[in-house]
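For reference, the structure discussed in these notes is given below.
Values in this text are rule-based calculations from the coordinates and carry no lab data. Quantities reported herein were computed from a predicted structural model and do not represent experimental measurements. Ideal geometry is used to build each Cβ from the backbone, glycine not excepted, and the neighbour counts take in all protein chains shown.
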Amino acid sequence: MQMTREQLAEAYRKMHTIRVFETRVHAEAQAGRVPGSTHLYAGQESVAVGVCMALNDSDYIVSTHRGHGHSIAKGCEVNGMMAEILGKETGTCKGKGGSMHIADLDVGMLGANGIVGGGPPLACGAALSAKTLGTGAVSVTFSGDGAVNQGTTAESLNLAMVWNLPVIFVIEDNGWGEATSSEYATAGSIVERARGYGMTAEKVDGLSLSDVYESTTAAVERARSGEGPTLLHVTTERFYGHFNGDVDTYRSDALKADQRANRDCLIRLRTALTEGGLIPADELDKIDAEVEAIIDTAVTEARAAADPNPASLTTDIYVNSRQEA
Amino acid sequence: MSRKTFRAALNEALHQEMAADPRVVVFGEDITGGTGGDGEQDAWGGAFGVTKGLLGAYGRERVLDTPITESAFVGAAAGAALTGLRPVVEIMFVDFIGVCLDQVMNQAAKFRYMFGGKARCPMVLRATFGAGARSASQHSQALYPLFTHIPGLKVVIPSNPSDAKGLLIEAIRDDNPVIFLEHKMLYDEQGEVADQPYTVPFGEARILREGKDATIFAYGRMVGRAEEAAKVLEGEGIKVSVIDPRTTSPLDTETILEFAEETGRVIIVDESSPRCGMAADIAALIAEEAFDALRAPIFKVTPPHTPVPYAPSLEDAYLPDAARIAAAVRRSMKHRG
């Protein structure tokens, strides 16, 4: 299924939002205003946006430590996210989670995750809820190429097949698990691993928004109609180092320059839209300016926001509620 | 009210809560048993028979056998609890937490805090624990201090059939992740259990007997042994209180301190290892909050800091028994504080 013009404009806006957001987070981190670690999603925008545009609001995603892009693509508010990353009271999680734990259950975003491979079992659970309660929702877990070597991923692929769950495993292969290349760390083929469980699986070019969207749409249709899980092995690019303090010396300057010049999914989309006569450049420029203004406001407000009150240290540990008979 | 085993009381709790709330689902390894085979279905009803009969009543959509894959299904319980179900999952032996602790410690326990108070994760993780079945080092541990150490979890250790039912129903209705630990040597214990659904609140100790001379605190299977010791001591003219806190998290600090202060002599019986265990935890609480009332040092009665052994002669020596508990009380009485 192809994206409409409106969908393409929306996808461009979201991808640009992620790019600007991450660029500004990087700047805030460089300036010493981010208290902890951040893992930037720049370069991978087409994956989060292509996947999430194939989902409904009631569908679920489970994210990773590199989760800002997934959060924005699924509908989390950028103001709250930026405030959270800066450790402020107005943050999405009141400053208690930070970059690695951004979550908004109201939009089906079940959380970034600081544990590599932590997400796939959770996504199976969300899919079990959808199946048992008959909501028709599907569940997507984003995992990096590093997470495919965790036992949780293998266990979840098996359980998803055994229970025929409406879950989609999106493996974002940016070539690097922290500072170790997937070429070194991952034996064999990720797609073939999934097929070994009898699961439908395919490799997808993550530089192409439409490829990601179309493959996800097909996977969602299968999941919703009870045909079970799918694995998508999506190749993509990581523009920054693993985390904000990583000077990224293990990748050559030539490689990084080539990424930015020739393997930038955002440039690729913009070129396709303008050269294909789908959306004129001035309209995209207008979106760019709007996005810049929105993120600028998010940064300004986040910087000005109050730090969490120390009195909140010991709240939100337990829910003070129970089901009454 | 009728006489039921600890196992039957738990089974009744599961039946009643599944009947009351369609969001309650049960899964785990061999939770029915026989799935995929051509023989008897629901052949096991769980390795210890606690879930027997649920399949027939509620079907495979709500009573699911899992592969042997604790990380996946414990994590799935956490994810399902975040999204509208109220799963009760069974880990056959709590020792197996070693392969799936991340999903409990870093995921379920932390959602609410990390996400700024917006998440609810109403799951129950049931597991057998404890020594006595000649099951050796990987099937006999009393790991409740491990869970008690983790904020965000509630930890429950029933010591008798009536509490087992009421505490399990409370656990299923609680909106937090609850670790529910069943001592494998108690399954056949009998007691009076009300037929209707009822709850036993968390964080409220059970007072088994009141005596002015000393207080024995004990959990799980050790509660019965503390009672045995109390009877022996009564014959010697020593009157002790026996308190079962029933949950380690939350902990009924009020009752613990009240009895520590009233009797001034404290003996804590704990089946977990002595280092960083519940006995050490309760002793620290009393030392800090009730120091002036103490008339003797606080005595801990625990196994030695060793793995659980296999041979009966070794395992019997490992576990605290009534004689050791009574000896600790007598030792306490010798102090003229």
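Here is how the numbers come out for the structure above:
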| read-out | value |
| --- | --- |
| Dipole of chain B [Lys/Arg +1, Asp/Glu -1 at C-beta], most positive-end residue of B:Gly49, B:Ala133, B:Met278 | B:Met278 |
| Proxy reagent accessibility, fewest Cβ within 10 Å first, across B:Phe180, A:Phe169 | B:Phe180, A:Phe169 |
| Net lengthening on full extension, A:Glu221/A:Tyr197 (0.36 nm per residue, minus Cα-Cα) | 6.6 nm |
| Cα Rg, Dmax (largest Cα-Cα span) when computed across chain B, Å | 20.1, 69 |
| Check: the stretch B:2-193 dipole with +1 on Lys, Arg Cβ and -1 on Asp, Glu Cβ, in debye | 560 debye |
| For the stretch B:250-255, 3J(HN,Hα) per residue [Karplus equation, 6.51 cos²θ - 1.76 cosθ + 1.60, θ = phi - 60°, Hz, x = Gly/Pro] | x, 10, 7, 5, 4, 5 |
| Integer Hz, Karplus 6.51/-1.76/1.60 couplings in order for the stretch A:111-125, x for Gly and Pro | x, 5, 8, x, 10, 5, x, x, x, x, x, 5, 5, 4, x |
| Charged-residue dipole, Cβ positions (Lys, Arg, Asp, Glu), the stretch B:206-334 about Cα centre, Debye nearest 20 | 400 debye |
| Which of A:Ala27, A:Ala219, A:Ile72, positive extreme of dipole for the stretch A:5-302 (C-beta unit charges) | A:Ala219 |
| Inter-chain shielding of B:167-179 (mean C-beta neighbours from other protein chains, 10 Å cut-off) | 2 |
| Burial order of peptide ranges A:278-291, A:246-259, B:209-222, A:7-20 (average beta-carbon count within 10 Å, highest first) | B:209-222, A:7-20, A:278-291, A:246-259 |
| Cα centre as origin, Lys/Arg/Asp/Glu Cβ charges: the stretch A:5-302 dipole, Debye | 600 debye |
| Rounded, prolate or oblate (a/c below 1.5 giving rounded, otherwise prolate when a/b exceeds b/c) for the stretch B:54-151 by Cα gyration tensor | oblate |
| Residue-averaged beta-carbon neighbours from other chains (10 angstrom radius) around A:310-321 | 5 |
| Peptides B:250-257, B:236-243, A:55-62 ordered by average Cβ neighbours within 10 Å, highest first | A:55-62, B:236-243, B:250-257 |
| Prolate/oblate/rounded label for chain A (Cα gyration tensor, a/c 1.5) | rounded |
| Given charges at Cβ of Lys, Arg, Asp, Glu: chain A dipole, positive-most of A:Met109, A:Pro121, A:Ser37 | A:Pro121 |
| Peptide-level mean, for B:116-129, of C-beta atoms on other protein chains within 10 Å | 4 |
| Pairs beyond 22 Å (Cα-Cα), from A:Lys96/A:Lys256; A:Lys88/B:Lys118; B:Lys239/B:Lys334 | A:Lys96/A:Lys256 |
